[in-house]
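A.B. asks: Dropping a structure here in structure tokens format, bear with me for questions.
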Amino acid sequence: MSATGEDSSPIALLLGINEHPVAGFFLLYLVITLLTILVYKLGFAKKLPPLKSAIIYVLLVLGCFPLTFFGIGLPVAEGLLCAAAVLIIYKIRLHQSKRNKAENL
């Protein structure tokens, strides 16, 4: 079974999953894992003790493996990219709002 443009997500094809399936899969896994960690850090991370943080990151890395299978045919990486962009814009606007509020006081 080979991945074609008809049944693969654009990022999976960009990473070469149709030419080199194994290397493309691991590149897609890396991209999904990094984007998941970024979204977690931007939107959901709290200050935790180091052991609890390590457990969360290990579970994130393990949980990205099934997401990668879905990411071959579904736009998982694209959705994570959009979520990261929205959270980055939110954090920038929040920082500007807090800075403006502090200057006005």
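A.B. asks: Return the total of residues in segment 3-31 being modelled with pLDDT of 90 or more and part of a loop (DSSP other than H, G, I, E, B). Give the derivation first.
C.D. replies: In the first step, residues of segment 3-31 are kept if they are modelled with pLDDT of 90 or more; the result is 9-31.
Filter again for part of a loop (DSSP other than H, G, I, E, B), leaving 9, 15-20.
Counting residues in segment 3-31 that are modelled with pLDDT of 90 or more and part of a loop (DSSP other than H, G, I, E, B) gives 7.
A.B. asks: Also: Could you list, in sequence order, all residues of segment 51-71 that are among the β-branched types (Val, Ile, Thr), touching a residue at least 12 places away in the same chain (Cβ under 8 Å) and surrounded by fewer than 14 Cβ atoms within 10 Å (Cβ to Cβ)? Can you show your working first?
C.D. replies: Taking segment 51-71 as the starting set, the residues that turn out to be among the β-branched types (Val, Ile, Thr) are 55-56, 58, 61, 68.
From the residues that got through so far, the ones that are touching a residue at least 12 places away in the same chain (Cβ under 8 Å) too are 56, 61, 68.
Once the filter is applied, which keeps residues that are among the β-branched types (Val, Ile, Thr), touching a residue at least 12 places away in the same chain (Cβ under 8 Å) and surrounded by fewer than 14 Cβ atoms within 10 Å (Cβ to Cβ), segment 51-71 yields only Val61.
A.B. asks: Can you report the number of residues in segment 1-31 which are among the small types (Gly, Ala, Ser) and buried (at least 18 other Cβ atoms within 10 Å of the Cβ)?
C.D. replies: Just the residues of segment 1-31 that are among the small types (Gly, Ala, Ser), to begin with: 2-3, 5, 8-9, 12, 16, 23-24.
So of that shortlist, the ones also buried (at least 18 other Cβ atoms within 10 Å of the Cβ) come out as 3, 8-9, 12, 24.
Residues meeting the conditions: 5.
A.B. asks: Still on this model: Kindly evaluate Ser97 against the criterion of being buried (at least 16 other Cβ atoms within 10 Å of the Cβ) and of a type in the set (Ser, Thr, Tyr).
C.D. replies: The answer is no for Ser97.
A.B. asks: Take the residues in segment 72-90 that are modelled with pLDDT under 95 and in a helix (DSSP H, G or I); name whichever of them is surrounded by the fewest Cβ atoms within 10 Å (Cβ to Cβ).
C.D. replies: Out of the qualifying residues, it is Gly73.
A.B. asks: Of the residues that make up segment 32-50, is at least one outside any helix (DSSP H, G or I), out of contact with any Cys (no Cβ under 6 Å at 6 or more places or on another chain), touching a residue at least 40 places away in the same chain (Cβ under 8 Å) and exposed (fewer than 15 other Cβ atoms within 10 Å of the Cβ)? Walk me through it before giving the result.
C.D. replies: Residues of segment 32-50 that are outside any helix (DSSP H, G or I), as a first pass: 44-49.
Narrowing the set further to residues that are out of contact with any Cys (no Cβ under 6 Å at 6 or more places or on another chain) leaves 44-49.
Checking the rest, the ones that are also touching a residue at least 40 places away in the same chain (Cβ under 8 Å) come to none.
There is no residue in segment 32-50 that is outside any helix (DSSP H, G or I), out of contact with any Cys (no Cβ under 6 Å at 6 or more places or on another chain), touching a residue at least 40 places away in the same chain (Cβ under 8 Å) and exposed (fewer than 15 other Cβ atoms within 10 Å of the Cβ).
The rows are residues; the columns are (1) farther than 18 Å from Leu74 by Cα; (2) of a type in the set (Ser, Thr, Tyr); (3) over 10 Å from the mean Cα position of the chain (by Cα).
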{"site": "Ser9", "(1), (2), (3)": "no, yes, yes"}
{"site": "Ala12", "(1), (2), (3)": "no, no, yes"}
{"site": "Ile17", "(1), (2), (3)": "no, no, yes"}
{"site": "Leu28", "(1), (2), (3)": "no, no, yes"}
{"site": "Tyr40", "(1), (2), (3)": "yes, yes, no"}
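The values are calculated or read from the model by the stated rules, or taken from the named source; none is laboratory data. Remember, predicted model here, so these are calculated numbers, not experimental data. All Cβ positions, even for glycine, are placed from backbone atoms using ideal geometry, and neighbour counts span all protein chains on display.
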